[in-house]
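Novice: Before I ask anything, let me first share the structure, which is written out below as structure tokens.
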Amino acid sequence: MNSRIEKIRDSERKSHTSIYSSETLYSSDSWLKKPIKTVQELVPHFKGYNNLRVLDLGCGVGRNSIFIADKFAENGCRIDCVDILDIAIDKLQVNSDELGVSDCIHVFVDTIEHYPIIIGTYDLIIAVSALEHVESKEIFLNKLREIRDGIKTDGIVCLVINSDVREKNKETLEDLEPQFEVNLSTKELQSLIDDVFSEWKTIKRTVSYQEYDIPRDDVTSHLTTNVVTYVGQKL
């Protein structure tokens, strides 16, 4: 792994550890406040499913996976949760115990690029603000294909990916290097997604501009991004 990737991952580890240590799932002012809207919208697609199989790449402390587990536990549900951070997985296990869905949650401390996705295994794969943290564009594209191939017929993929990320020192307005391993233009990202999932039914395809402050070592970064959301179904 090169020094740039190591530096970015160290920075992300520090910022996420700070939030995971101080914020409580579903009782927070951060992104941990609730599952993302797109994941909530997916629930009706799986009504009546038994033994739902889900993969959550970059699961964090469980804001999306625990929500899904709660909705489908009674009909059988297994969610494979992958994250690079030990603290995220530890918190996820605590949260799933407290919310009564631990039987549905199976955890893996691993990088997204190294976690193998078995062909035709999952009804749903979600990756929220995660795929942009693989090591390279080539690996990113290969992982998209692996995600595509890991879905069962009628299954769904839900991707939320940052693009055109810019960071500035909030106080000095000096440009900072974006702390994202893969930082594609919005146009290129959408083109790659459209190509990989060209034979799928598109359920949702949006771009949303977002900006927020985030701690980066000894400075506060003001980050802007075009968030690309893609939800597709394998026919």
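Novice: If you check THR206 against the conditions, is it within 23 Å of LEU141 (Cα to Cα), of a type in the set (Val, Ile, Thr) and not in a loop (DSSP other than H, G, I, E, B)?
Specialist: For THR206, the condition - within 23 Å of LEU141 (Cα to Cα), of a type in the set (Val, Ile, Thr) and not in a loop (DSSP other than H, G, I, E, B) - is met.
Novice: Here is a follow-up. Might you check whether a residue that is farther than 29 Å from GLN233 by Cβ and touching a Pro at 6+ places or on another chain (Cβ under 6 Å) occurs anywhere in region 14-28?
Specialist: yes
Novice: Looking at (1) open to solvent by 40 Å² or more (accessible area, probe 1.4 Å); (2) among the polar types (S, T, N, Q); (3) at pLDDT 95 or above, can you tell me which one THR220 breaks?
Specialist: Just one mismatch for THR220, condition (3).
Novice: Further question on the same structure: Look through region 110-149, keep the residues that are assigned to a loop (DSSP other than H, G, I, E, B) and small (Gly, Ala, Ser), and return whichever of them is surrounded by the most Cβ atoms within 10 Å (Cβ to Cβ).
Specialist: Step by step, filter region 110-149, then rank; the result is ALA130.
Novice: Hey, among the residues in region 192-206 that are open to solvent by 70 Å² or more (accessible area, probe 1.4 Å) and without any contact (Cβ under 8 Å) to a residue 24 or more places away in the chain, which one's farthest from SER15 (Cα to Cα)?
Specialist: Only one residue fits best here, namely SER198.
Novice: Name the one entry in ALA69, ALA88 that is closer than 24 Å to GLU135 by Cβ and small (Gly, Ala, Ser).
Specialist: Among ALA69, ALA88, only ALA88 is closer than 24 Å to GLU135 by Cβ and small (Gly, Ala, Ser).
Novice: Just to be sure I understand the filter: pairs with C-beta atoms under 8 Å, separated by 6 or more residues or on different chains, first member in region 1-27 and free of Cβ contacts under 8 Å to residues at least 24 places away in the same chain, second member of a type in the set (Ser, Thr, Tyr). Which pairs pass?
Specialist: Matching pairs, first to second residue: ILE19/SER30; GLU23/SER30.
Novice: While we're on this one: Take the residues in region 37-60 that are of a type in the set (S, T, N, Q) and surrounded by fewer than 13 Cβ atoms within 10 Å (Cβ to Cβ), then tell me which one is farthest from GLU113 (Cα to Cα).
Specialist: Selected residue: ASN50.
Novice: Could you identify the single residue in ARG78, ARG63 that is basic (Lys, Arg), in a strand (DSSP E or B), open to solvent by 30 Å² or more (accessible area, probe 1.4 Å) and in contact (Cβ under 8 Å) with a residue 24 or more places away in the chain?
Specialist: Only one candidate passes the filter, namely ARG78.
Novice: Quick one: would you say ILE87 is among the β-branched types (Val, Ile, Thr), touching a residue at least 40 places away in the same chain (Cβ under 8 Å), closer than 19 Å to PRO35 by Cβ and assigned to a helix (DSSP H, G or I)?
Specialist: no
Novice: Being surrounded by fewer than 21 Cβ atoms within 10 Å (Cβ to Cβ) and either of a type in the set (D, E, K, R) or touching a Leu at 6+ places or on another chain (Cβ under 8 Å) (or both) is the requirement here; does THR24 meet it?
Specialist: Yes.
Novice: ILE68 is checked against (1) within 28 Å of SER11 (Cβ to Cβ); (2) surrounded by 24 or more Cβ atoms within 10 Å (Cβ to Cβ); (3) of a type outside the set (Asp, Glu) and fails just one. What number does that condition carry?
Specialist: Of the numbered conditions (1) within 28 Å of SER11 (Cβ to Cβ); (2) surrounded by 24 or more Cβ atoms within 10 Å (Cβ to Cβ); (3) of a type outside the set (Asp, Glu), the odd one out for ILE68 is (1).
Novice: Scan region 174-202 for residues that are assigned to a loop (DSSP other than H, G, I, E, B) and either charged (D, E, K, R) or over 19 Å from the mean Cα position of the chain (by Cα) (or both) and report the count.
Specialist: The number of residues fulfilling the criteria is 6.
Novice: Filter region 154-188 down to residues that are out of contact with any helix residue (DSSP H, G or I) (no Cβ under 9 Å at 6 or more places or on another chain) and crowded, with 20+ Cβ neighbours inside 10 Å and give me whichever is nearest to VAL43 (Cα to Cα).
Specialist: Top of the filtered list is GLY155.
Novice: Also, I was wondering about something else. Out of (1) in contact (Cβ under 8 Å) with a residue 24 or more places away in the chain; (2) over 24 Å from ARG148 (Cβ atoms), what's the single condition that is false for ASN51?
Specialist: Answer for ASN51: the failing condition is (2).
Novice: Out of the residues in region 207-217 that are charged (D, E, K, R) and farther than 30 Å from VAL157 by Cα, which is most open to solvent (accessible area, probe 1.4 Å)?
Specialist: Filtering region 207-217 for residues that are charged (D, E, K, R) and farther than 30 Å from VAL157 by Cα, the one most open to solvent (accessible area, probe 1.4 Å) comes out as ASP217.
The values are calculated or read from the model by the stated rules, or taken from the named source; none is laboratory data. Bear in mind that the values here come from a model prediction, so they are computed numbers and not experimental data. For neighbour counting, all protein chains shown are included, and Cβ atoms are generated from backbone atoms with ideal geometry for every residue, glycine included. With ligands, DNA and RNA removed, areas are computed over all heavy atoms of the protein, side chains included. Shrake-Rupley method; radii C 1.70, N 1.55, O 1.52, S 1.80 Å.
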